[in-house]
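For reference, the structure discussed in these notes is given below.
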Amino acid sequence: MKPANKRSWVLKQRPASVPTRADVDIIESPVPETPDNHLLIATSYFSLDPAIRGWMSDTPSYLPPIGLGEPIRATVAGTVVESRSPDFTAGDRVYGMSGWETLCTAPADYFSKIPEDSPFPDHYYLSILGAVGLTPYFGLLSAGDIKSGQTLLMSAAAGAVGSIGGQIAKIKGLRVVGLAGSDEKCQWVTEELGFDDCLNYKTCGDLEAAIRRACPEGVDVFFDNVGGETLDAALMNLNKDATVVFCGSISSYNSSEPVPGPYNWWQVLARSVTVKGYLISDYLTRFGEGQAQLTQWLQADQLTFKEHIVDGFDHCLEAYNLLFEGKNNGKLMVKV
Ligand SMILES: NC(=O)c1ccc[n+]([C@@H]2O[C@H](COP(=O)([O-])OP(=O)(O)OC[C@H]3O[C@@H](n4cnc5c(N)ncnc54)[C@H](OP(=O)(O)O)[C@@H]3O)[C@@H](O)[C@H]2O)c1
């Protein structure tokens, strides 16, 4: 039976920095009628992505800002409770874009079905088989156009996107050097994931010099998840005709002031560098191809990944902020 009420995390005010409890609220409200071509979905998992922080701000981006009073936008997995679309029926397991709500009403074309015969748990469709696996897959193979024998530098290397990306590059025959925020993370990516080297950017001292030592032949592809000082240090180590895949800039997501730099931007000209602004949603029509390849690598035990699943709808905010402290241990999600 259709529940009468739902709970939602909504945006109360635009955060000045890391989101606090004053910026977001939990409300209870009646479940609305499901309009034509929409689904009512009982959510089981929320994806906690750094990008959500950008959507909380009123700045121009690839999606409109989350409106004040509106649910926090996120990709979710769940089960269809009511379908007003010919493509879905109640009971279908689905994943797609909606919000941090126990029940969400969303356009059917924002959602895909989890195959009935999928050997994987539903939360894989928010992690390795969702944006987290697909982002480095297309970011490296398409936007980065990586080639065997090249050197790849990966920032946020032990994170969800970075850890999978480094492994994809190893499969493709690159030398892979990571940057991560603790010795334990560096050890994990080198010893368990097969990265050739990893620098603890918090303790290595002069990052530019440390990258030079770790990449004696220079960097051919820099896959950047961090921006800021990390980007500046990498720019000074790029080879001629190198590529920078601009995937994210987490170091600046909570800045309330304009972000300065990159100070070494001139190197883009000096080294004839290609900078690719990269967005996974541009590859929507090719997701099936990416999922098929990731599935094959998973089943051949060629990919290792971690998921960090926090239990409980009420814990979304504290869980979310782990991302900005580097305290997430793999792809961060909430089990509703
Ligand atoms: N372009 C796209 O389509 C797309 C799609 C998905 C994700 N992304 C981007 O990919 C990046 C990684 O996302 P994810 O979901 O995989 O998160 P994640 O890497 O699992 O978690 C974020 C990590 O970033 C690092 N970090 C946080 N604040 C930092 C700072 N101030 N300076 C340096 N490093 C910092 C932390 O690791 P350390 O402990 O190593 O510092 C933290 O664990 C983000 O920038 C995200 O926006 C882009």
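The values are calculated or read from the model by the stated rules, or taken from the named source; none is laboratory data. Remember, it's a predicted structure, so these values are computed and weren't measured experimentally. When we count neighbours, we look across all protein chains shown, and the Cβ atoms used for this are built from the backbone with ideal geometry, even at glycine.
Is it the case, given these coordinates, that Ile41 is assigned to a strand (DSSP E or B) and surrounded by fewer than 17 Cβ atoms within 10 Å (Cβ to Cβ)?
Answer is no for this residue.
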Inset, instruction - Could you check Arg212 against (1) without any contact (Cβ under 8 Å) to a residue 12 or more places away in the chain; (2) more than 14 Å from the ligand (Cβ to nearest atom); (3) part of a helix (DSSP H, G or I) and say which number it fails? - result: (1)
Legend entry - strands (runs of 3 or more DSSP E) enclosed by the stretch 88-147 - at least 1 residues per element that are aromatic (Phe, Trp, Tyr): 93-99, 111-113
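Would you confirm, using the coordinates I've provided, whether Ile52 is buried (at least 17 other Cβ atoms within 10 Å of the Cβ), within 16 Å of the ligand (Cβ to nearest atom) and in a loop (DSSP other than H, G, I, E, B)? So that I can check it myself, show each step before the final result.
Working: buried (at least 17 other Cβ atoms within 10 Å of the Cβ): yes; within 16 Å of the ligand (Cβ to nearest atom): yes; in a loop (DSSP other than H, G, I, E, B): no.
So Ile52 fails the test.
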Legend entry - Criterion violated by Ser163 - all others in (1) over 23 Å from Asp145 (Cα atoms); (2) buried (at least 24 other Cβ atoms within 10 Å of the Cβ); (3) hydroxyl-bearing (Ser, Thr, Tyr) satisfied: (1)
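Results for (1) closer than 22 Å to Leu231 by Cβ; (2) among the aromatic types (Phe, Trp, Tyr), shown as yes or no for each residue.
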| site | (1), (2) |
| --- | --- |
| Pro121 | no, no |
| Tyr124 | no, yes |
| Leu129 | no, no |
| Leu140 | yes, no |
| Ile146 | yes, no |
| Ala156 | yes, no |
| Gly181 | yes, no |
Inset, instruction - Determine whether the stretch 233-246 contains at least one residue that is within 23 Å of Gly330 (Cα to Cα) and either crowded, with 19+ Cβ neighbours inside 10 Å or assigned by TED's automatic domain parsing to the domain that holds Gly144 (or both). - result: yes
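Mind listing just one residue for me: the one in the stretch 175-209 that is among the hydrophobic types (A, V, I, L, M, F, W, C) and in contact with an Asp or Glu (Cβ under 8 Å, 6 or more places away or on another chain) and, of those, farthest from the ligand (Cβ to nearest atom)? Break it down into steps so the answer makes sense when it comes.
Residues of the stretch 175-209 among the hydrophobic types (A, V, I, L, M, F, W, C): 176-177, 179-180, 186, 188-189, 193, 195, 198-199, 204, 207, 209.
Now narrow it down to the ones that are in contact with an Asp or Glu (Cβ under 8 Å, 6 or more places away or on another chain): 176-177, 207.
Details: Val176: 15, Val177: 14, Leu207: 11 Å.
Checking each candidate, the answer is Val176.
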Inset, instruction - Please find, within the stretch 133-154, the residue that is farthest from Ala180 (Cα to Cα) out of those that are away from the ligand (no atom under 16 Å from the Cβ) and hydroxyl-bearing (Ser, Thr, Tyr). - result: Ser148
Inset, instruction - Would you mention how many residues in the stretch 158-174 are within 9 Å of the ligand (Cβ to nearest atom) and either of a type in the set (Val, Ile, Thr) or under 10 Å from Val226 (Cβ atoms) (or both)? - result: 4
Legend entry - Which numbered condition Gln291 misses (of (1) among the polar types (S, T, N, Q); (2) loosely packed, with under 15 Cβ neighbours inside 10 Å; (3) within 16 Å of the ligand (Cβ to nearest atom); (4) at pLDDT 95 or above): (2)
